[in-house]
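Visitor: Quick one: the structure is below, questions incoming.
The values are calculated or read from the model by the stated rules, or taken from the named source; none is laboratory data. Just so it is clear, the model here is predicted, and its values are computed rather than measured. Positions of Cβ are backbone-derived with ideal geometry, glycine not excepted, and every protein chain shown enters the neighbour counts.
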Amino acid sequence: MKIVLVTLLFVLPFLSFKAQTLEEKLLSAYLDFDTTSSFPKKMAASSKLELLANMESESYAVNYYAAYSKAMISYMETDKERKDMYLDIADAFLLKVKQIQPKNEESYILAALIANARLVVDGGSRWKKQGDIFNANIDSAKLINPNNPRIYHLKGVAVYFTPKMFGGGAKNALEYLEKAKTLFPGQVSGTILIPFWGEKRNLYFLGECVK
C-alpha cells in the first residue's frame with residue numbers, strides 16, 4: 001500500500017501538468033516570472049518558459065515570452081558577458097516569433113525591447129546601432145497599431161535613461177509614460193496568448209519621473 005501511495009504522489013502532479021492546456025502552462029510560468037523580484041526565482045521561471053518554448057516551438061506566445069523573460073533578466077544581470085548571453089537566447093526566440101507572425105506589432109515591440117537591452121550592456125559603443133534598431137522597430141509597431149501602450153512605455157523608459165544633453169531624462173520621458181498609462185486599460189488582457197505586460201513597470205517609472 002505504501003508503495004502505491006508513494007507512486008501516486010509522483011505520478012499525479014505529472015499527470016496534472018500533462019492535462020494542462022498550453023495557455024495554462026504559459027500563464028503559470030509567466031506569473032512565476034512576473035510576480036517575483038528575486039533574481040534566482042526569475043531565472044528559474046525564465047528557464048521554465050524556455051523549456052516550454054522548446055517543447056512548443058510553433059507557438060507564437062510561448063516563444064514571445066521566452067524571449068521577453070531573457071531580455072528582462074539581462075537588465076538585472078551585472079556581468080556584461082552573461083547579459084549578452086541571455087540576449088543571444090532572446091534573439092533566437094525572437095527569430096521564431098518573427099517567422100510565425102512577422103507583421104504582428106508585438107513582434108516589433110519585442111525586437112525593440114531586446115535592442116534596448118543590448119544598448120544597456122554597453123551604451124558607449126552601442127548607442128548608434130542599437131538605438132537605430134530600437135527606433136525602427138518602435139516606428140514599425142506604431143504603423144500597425146499606434147494605440148499599443150508598450151510602444152510608449154518602451155520609448156519612455158529609453159528616454160528616461162538617455163542623458164539630458166541628448167534629449168533624455170525624467171521630464172522628457174514623462175509624456176510617453178503618461179500616454180502609455182492612458183492606453184494600458186484599453187488593451188486586450190484576457191489571455192496570456194496575447195502579450196499584456198508593462199503596466200506595472202510603467203507605473204514604477206512614472207513614479208520615478210515625478211519624484
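Okay, residues lined up against (1) in the same structural domain as Glu178 (by TED's automatic domain parsing); (2) polar (S, T, N, Q):
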residue	(1), (2)
Met55	no, no
Thr78	no, yes
Ala92	no, no
Leu110	no, no
Ile114	no, no
Trp127	no, no
Tyr152	yes, no
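Visitor: Now for a different question. Residue check: is Ser107 polar (S, T, N, Q), over 18 Å from Ile192 (Cβ atoms) and without any contact (Cβ under 8 Å) to a residue 60 or more places away in the chain? Show your work before the answer.
Guide: Details: polar (S, T, N, Q): yes; over 18 Å from Ile192 (Cβ atoms): no; without any contact (Cβ under 8 Å) to a residue 60 or more places away in the chain: yes.
So Ser107 does not fit the description; no.
Visitor: Could you tell me whether Ser140 is outside the structural domain of Ala71 (by TED's automatic domain parsing), surrounded by fewer than 18 Cβ atoms within 10 Å (Cβ to Cβ) and among the polar types (S, T, N, Q)?
Guide: yes
Visitor: State all residues of the range 88-104 that are closer than 19 Å to Arg150 by Cβ and free of Cβ contacts under 8 Å to residues at least 24 places away in the same chain; if no residue qualifies, say none.
Guide: If the condition is that a residue be closer than 19 Å to Arg150 by Cβ and free of Cβ contacts under 8 Å to residues at least 24 places away in the same chain, then Lys98, Pro102 are the ones that fit.
Visitor: Taking the stated definitions as given, is Ala117 in a helix (DSSP H, G or I) and surrounded by 18 or more Cβ atoms within 10 Å (Cβ to Cβ)?
Guide: Details: in a helix (DSSP H, G or I): yes; surrounded by 18 or more Cβ atoms within 10 Å (Cβ to Cβ): yes.
The answer is yes for Ala117.
Visitor: In the range 153-175, what residues are of a type outside the set (Val, Ile, Thr) and closer than 18 Å to Glu106 by Cβ? Before the answer, list the steps.
Guide: Of the residues in the range 153-175, the ones of a type outside the set (Val, Ile, Thr) are 153-156, 158, 160-161, 163-175.
If the condition is that a residue be of a type outside the set (Val, Ile, Thr) and closer than 18 Å to Glu106 by Cβ, then His153, Leu154, Lys155, Gly156, Ala158 are the ones that fit.
Visitor: Working carefully through the options Met85, Met76, find the one that is under 28 Å from Phe161 (Cα atoms), in contact (Cβ under 8 Å) with a residue 24 or more places away in the chain and of a type in the set (A, V, I, L, M, F, W, C). Quick ask: steps written out before the conclusion?
Guide: Values: Met85 fails: in contact (Cβ under 8 Å) with a residue 24 or more places away in the chain.
Only one candidate qualifies: Met76.
Visitor: With (1) free of Cβ contacts under 8 Å to residues at least 60 places away in the same chain; (2) not in a helix (DSSP H, G or I) as the list, and Trp197 as the residue in question, which single condition is left unmet?
Guide: Only one criterion in (1) free of Cβ contacts under 8 Å to residues at least 60 places away in the same chain; (2) not in a helix (DSSP H, G or I) is unmet by Trp197, namely (1).
Visitor: Between a residue in the range 162-176 that is at positive phi and any residue that is in a loop (DSSP other than H, G, I, E, B), which pairs come within a Cβ distance under 8 Å, given they are 6 or more apart or on different chains?
Guide: Gly169/Thr162; Gly169/Pro163
Visitor: Please state which of the following conditions Gly124 fails to meet, knowing it meets all the rest: (1) at pLDDT below 95; (2) closer than 22 Å to Asn54 by Cα; (3) assigned to a helix (DSSP H, G or I).
Guide: (2)
Visitor: Hey, can you tell me all the residues within the range 175-190 that are modelled with pLDDT under 95 and surrounded by 12 or more Cβ atoms within 10 Å (Cβ to Cβ)?
Guide: Listed by number, the residues that qualify are Gln187, Ser189.
Visitor: Do we have Ala44 as outside the structural domain of Gly190 (by TED's automatic domain parsing), crowded, with 22+ Cβ neighbours inside 10 Å and either at pLDDT 95 or above or farther than 16 Å from Phe196 by Cα (or both) here? So that I can check it myself, show each step before the final result.
Guide: Numbers: outside the structural domain of Gly190 (by TED's automatic domain parsing): yes; crowded, with 22+ Cβ neighbours inside 10 Å: no; either at pLDDT 95 or above or farther than 16 Å from Phe196 by Cα (or both): yes.
No; evaluated as a whole, the condition is false for this residue.
Each row is one residue, and each column tells you yes or no for (1) of a type in the set (A, V, I, L, M); (2) assigned to a helix (DSSP H, G or I); (3) more than 19 Å from the chain's Cα centre (by Cα).
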site: Tyr152; (1), (2), (3): no, yes, no
site: Lys171; (1), (2), (3): no, yes, yes
site: Leu177; (1), (2), (3): yes, yes, no
site: Glu208; (1), (2), (3): no, yes, yes
